[in-house]
1. Over 13 Å from G159 (Cβ atoms), within 13 Å of the ligand (Cβ to nearest atom) and modelled with pLDDT of 95 or more: which single residue out of Y189, Y175 fits that description?
2. Mind checking whether some residue in segment 196-206 is modelled with pLDDT under 95, in a loop (DSSP other than H, G, I, E, B), within 29 Å of I80 (Cβ to Cβ) and open to solvent by 20 Å² or more (accessible area, probe 1.4 Å)?
3. Only one of A170, A162 is open to solvent by less than 20 Å² (accessible area, probe 1.4 Å), in contact (Cβ under 8 Å) with a residue 24 or more places away in the chain and more than 22 Å from R235 (Cβ to Cβ); which?
4. Show the residue pairs that are 6+ apart or on different chains and have beta-carbon atoms under 9 Å apart, the first residue being within segment 176-194 and outside any helix (DSSP H, G or I), the second being open to solvent by 60 Å² or more (accessible area, probe 1.4 Å) and near the ligand (Cβ under 9 Å from one of its atoms).
5. Within segment 87-107, is there a residue that is under 30 Å from T302 (Cα atoms), out of contact with any strand residue (DSSP E or B) (no Cβ under 7 Å at 6 or more places or on another chain) and free of Cβ contacts under 8 Å to residues at least 40 places away in the same chain?
6. In segment 1-39, which residues are assigned to a helix (DSSP H, G or I), out of contact with any Lys or Arg (no Cβ under 9 Å at 6 or more places or on another chain) and open to solvent by less than 60 Å² (accessible area, probe 1.4 Å)?
7. So which residues in segment 173-191 are farther than 13 Å from T148 by Cα and open to solvent by 80 Å² or more (accessible area, probe 1.4 Å), if there are any at all?
8. Residues of segment 245-267 being in a loop (DSSP other than H, G, I, E, B), touching a residue at least 12 places away in the same chain (Cβ under 8 Å) and open to solvent by 20 Å² or more (accessible area, probe 1.4 Å), which ones?
Amino acid sequence: MKIAAYSVVPAEKPYFEQWSRDHQVELKLISAPLSSATLAEATGCVGVSVQQPASLGDAKFYQRFVQMGLKYIGVRSAGIDFVNLAECRQNGIKVTNVPAYSPRAIAEMGLTQALALLRKLGEYRSEMAQGKFSLNPQLVSNEIYNLTVGLIGLGHIGGETARLYRALGAKVIAYNRSHKVQYESVVEYTDFDSVIAQSDIISLHTPLTPATKGMIGEQELQKMKKNAILINMSRGGLVDTAALITALQHHQIAGAGLDTLANEAEFFRKDVPVNQLPADYRTLAAMPNVIITPHVAFYTTTAIKNMVNIGLDNIYQQEIK
Ligand code: NAD
């Protein structure tokens, strides 16, 4: 059995090599993403292990895929929106994903950013860079167990996030489309408007769908507390970036921690001259009360190992059945 792995990054290589040794399966590691231009690299393989971003093309791609004897597309992450599932069904291609490779990784990044913002680390850094070391009355902080944390979306990541904040003694309230009994011990369920109005930290954990796109806009930001910190580890499109910038500039909220931005595809995962970065990113990045990370909340050894191992296991288990 041979499997071709696309979009392989250096951090994944040791896990691919270990899995190959453990399972006695030959792997072809390819750094380029899967596309019609790179599909030929999978000649002689039973399936492909893929990662976003990848553009697989139209019906012809899927027909060629099966003509080459390929049977499986094993996505190494949760999102499979870049795979045409209708074409896969029609051509008998089996598609798998890894729905939860490490929810804890993303939950911990959200918590890290929230605590850094709560304790005003950016503001202190900026003051100290100017030689200002006296106690600033504007920079008195709060302690997490006095605060209400509001979660929107209580799935794998929202649930882990709830557990972390509860462990620190915060009150955790949550709005989710459906009631999840498994989190009743750590959250109080409420509605969307109450989360927005009552929370000191608001953490977003829903997928990006037509229903959630722009869920945090001008009106929602106006309803938040003045000391509220907005955390978005989910998808940039959940937040109206222009409205967020205005809210921060007018001190309607206290800060924001963002691992995702609506226009991130233009520059995340690339090296871009600083003067060519989007204006909204530069405005946000210059604010001491904003933390931006380039969609790396998942980027831990546990998550990478699980993505590689579970992604390959999904192909292997189907083939040996
Ligand atoms: P999940 O499917 O386990 O949970 C999503 C939750 O959102 C579910 O409980 C669902 O009921 C709820 N939901 C969906 N639509 C809703 C709506 N309109 N209103 C209220 N609740 C709604 O997903 P997850 O594994 O927890 O991941 C959540 C999101 O995190 C993903 O969709 C992805 O966008 C993002 N993510 C980010 C990173 C990163 O590195 N920053 C990594 C993985 C996932």
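The values are calculated or read from the model by the stated rules, or taken from the named source; none is laboratory data. Because the structure is predicted, anything quoted here is derived from the model rather than measured. Methodologically, a virtual Cβ is constructed for each residue, glycine included, from the backbone with ideal geometry; neighbour enumeration extends over all protein chains shown. For accessibility, only protein heavy atoms count, side chains too; no ligands or nucleic acids. Shrake-Rupley method; radii C 1.70, N 1.55, O 1.52, S 1.80 Å.
1. Only one candidate passes the filter, namely Y175.
2. no
3. A170
4. So the pair list comes out as R177/A211; Y189/Y175; T190/Y175; D191/Y175.
5. no
6. A11, F16, W19, S20, H23
7. R177, H179, V181, Q182, E184, S185
8. H251, Q252, A254, A262, N263
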